[in-house]
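The structure appears right after this line, and notes come after that.
The values are calculated or read from the model by the stated rules, or taken from the named source; none is laboratory data. Small disclaimer: the values here were computed from a predicted structure and weren't measured. FYI the Cβ positions are ideal-geometry reconstructions off the backbone, even for glycines, and counts take in every protein chain you see.
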Amino acid sequence: MKKSYIVIAAFVGVIVLALFWYVGTNNRFVEMKGNATKQWANVESSYQRRSDLIGNLVNTVKGAADFERNTLTAVVEARAKATSTTIDASQLDATQLEAFQAAQGQLSSALSRLLVTVERYPDLKANQNFLELQSQLEGTENRINVERNRYNNLAGDYNIAIKKIPASIIANMGGFTEIALFKAESGAESAPEVNFNF
């Protein structure tokens, strides 16, 4: 009789421990994914700041009456496309992230062309508002890089955690899937550097 109580107590103890392990692991995945999602919001916020600065920069450049309209139009269109490309952070996959990066890359390219074109306008280069916007834009580009790296670190840690055995069993049961990471665009290793100092 005493042995059966010990067996039952051991069995219940194992079930309770397994339940605590399940809940603890599930909660850890929820927290890790939540932190990565929250960091994604910081990435988007930095991109939004860049978009706002580009809008102000374009308005400043429009003041130069003879400035190339095609260059401005390309920036405005790329900015519109970049801001319209949205991602559901809770379902961040590689396809969505690639579309987002492509739109942001087009905007960066158009902005580079704009800044190179400005070189031909000495009055615009001397405009204090323009110079301040350039400086803020440079700082924002650095902030975007920092936020993207932080996001990649959090998402990468989460991706590793959900693949480790035996926690991967809980990840599969809970529907935890990998989160896409930022990767360098093809050809980025040879991309020209934007120089904000004229």
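Just one of the listed residues (GLY187, GLY156, GLY175) is at pLDDT 90 or above, among the small types (Gly, Ala, Ser) and exposed (fewer than 12 other Cβ atoms within 10 Å of the Cβ), and it is GLY175.
Across the stretch 34-92, which residue is nearest to PHE176 (Cα to Cα) among those that are of a type in the set (Phe, Trp, Tyr) and buried (at least 19 other Cβ atoms within 10 Å of the Cβ)? In this case the residue turns out to be TRP40. Scanning the stretch 86-120 for residues that are farther than 20 Å from GLY156 by Cα and assigned to a loop (DSSP other than H, G, I, E, B) turns up THR86, GLU119, ARG120. Going through (1) assigned to a helix (DSSP H, G or I); (2) hydrophobic (A, V, I, L, M, F, W, C); (3) exposed (fewer than 13 other Cβ atoms within 10 Å of the Cβ) one by one, ILE165 falls short only on (1).
Checking the stated criteria, LEU97 turns out to be in contact (Cβ under 8 Å) with a residue 60 or more places away in the chain, within 20 Å of ASN42 (Cα to Cα) and not basic (Lys, Arg).
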